[in-house]
1. Label the range 15-91 by shape, choosing from rounded, prolate and oblate, from the square roots a ≥ b ≥ c of the eigenvalues of the Cα gyration tensor; if a/c is under 1.5 it is rounded, and otherwise prolate applies when a/b is larger than b/c, oblate when it is not.
2. Given a Förster distance of 22 Å, report the FRET efficiency between E21 and A65 from their Cβ-Cβ distance, rounded to the nearest 0.05.
3. Near P27, within a Cβ-to-Cβ distance under 9 Å, what is the net charge of the other residues, with Lys and Arg +1 and Asp and Glu -1?
4. Kindly write out, for the range 25-40 in residue order, the coupling ³J(HN,Hα) from the Karplus curve 6.51 cos²θ - 1.76 cosθ + 1.60 (θ = phi - 60°), rounded to whole Hz, with x marking Gly and Pro.
5. For labels at D35 and S11 in the simple 7 Å Cα→Cβ model, what's the distance in nm?
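A short reminder: the numbers here are calculations on the coordinates, not readings from a lab. Keep in mind that this is a model prediction, so the values were computed, not measured. Quick reminder, even Gly has a Cβ in these numbers, built from the backbone with ideal geometry, and neighbours come from all protein chains shown.
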Amino acid sequence: MAVIYTSKHHSPEDPGGLIREILDMGPYFTGPAQDAFTSWLLRLGDEIDPAVAARSLLARYDLTAAPQPNDARGALIGLLREAAAYSRGRMEAHLCRPRGAHRRRRRRRRP
């Protein structure tokens, strides 16, 4: 079943215009930024790389070099900037590989 968004700010990188709506709220957005970020991630299509989408939004909304507000919007912008630094391959490699300590704790089977 397809989801249809009616927001005028809807785009593949910002489904439903969620990020734009939060930025437009200004200081009235009280967060939590992590919930908004997770909601944005879950709304992205499978074919969209979150890092590419985040870079696109940062550029579109002129947030790449702008100072972050000291509120929940600033926390959301920080999360977008962090996501922009991770490509899909880098994220999967980071999340899918066993940690070093875990590998060392494995017992070796005796022949």
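1. Cα axes put the range 15-91 in the prolate bin.
2. The pair E21/A65 has a calculated efficiency of 0.45.
3. Neighbourhood net charge equals 0.
4. Calculated HN-Hα couplings, in order: 5, x, x, 6, 7, 9, x, x, 4, 4, 5, 5, 5, 5, 4, 4 Hz.
5. 2.7
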